[in-house]
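Chemist: Below: one structure in structure tokens.
The values are calculated or read from the model by the stated rules, or taken from the named source; none is laboratory data. Because the structure is a prediction, the values reported are computed rather than measured. All Cβ positions, even for glycine, are placed from backbone atoms using ideal geometry, and neighbour counts span all protein chains on display.
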């Protein structure tokens, strides 16, 4: 039996952090949409340059933001990239960045789904 897939965004946790104010989810999504491409660009550039400290700092920033968004799997992947940066061994960084990029897409889709659900009228 396959393990259950962890949701990209823990909605209950996020709403708890927002005091139940669903209208703030859209604002957080907008911030995510602005931030995610720059995280990926910075991580790619750091990897290509062999700049472990830059990779660590970028991953650390992303980890904190994603944890705030209750995007637990993405935050965990950012933590893995941060750890690679700390170690100075970037051999596995390209694969880690690819996994992180895919998870960011899952976060994006989760937010879109949440926002679509919020837009439905209550009957």
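Chemist: I'd like to verify a number: residues in the stretch 90-121 that are closer than 14 Å to residue 47 by Cα and at pLDDT below 95, how many?
Modeler: 0
Chemist: Looking only at residues in the stretch 96-111 that are within 18 Å of residue 31 (Cα to Cα) and within 10 Å of the chain's Cα centre (by Cα), which one is surrounded by the fewest Cβ atoms within 10 Å (Cβ to Cβ)?
Modeler: Residue satisfying both the conditions and the ranking: 105.
Chemist: Are any of the residues in the stretch 41-49 within 24 Å of residue 5 (Cα to Cα) and assigned to a helix (DSSP H, G or I)?
Modeler: no
Chemist: Please find, among 36, 8, 70, 62, the residue that is at positive phi, crowded, with 20+ Cβ neighbours inside 10 Å, in contact with a helix residue (DSSP H, G or I) (Cβ under 9 Å, 6 or more places away or on another chain) and at pLDDT 95 or above.
Modeler: After ruling out the rest, the residue left standing is 70.
Chemist: Would it be correct to say that residue 83 is over 15 Å from residue 106 (Cα atoms), in contact (Cβ under 8 Å) with a residue 40 or more places away in the chain and in contact with a helix residue (DSSP H, G or I) (Cβ under 9 Å, 6 or more places away or on another chain)?
Modeler: no
Chemist: Could you pull out the residue among 93, 75, 49 that is without any contact (Cβ under 8 Å) to a residue 40 or more places away in the chain, surrounded by 12 or more Cβ atoms within 10 Å (Cβ to Cβ) and over 21 Å from residue 118 (Cα atoms)?
Modeler: After ruling out the rest, the residue left standing is 75.
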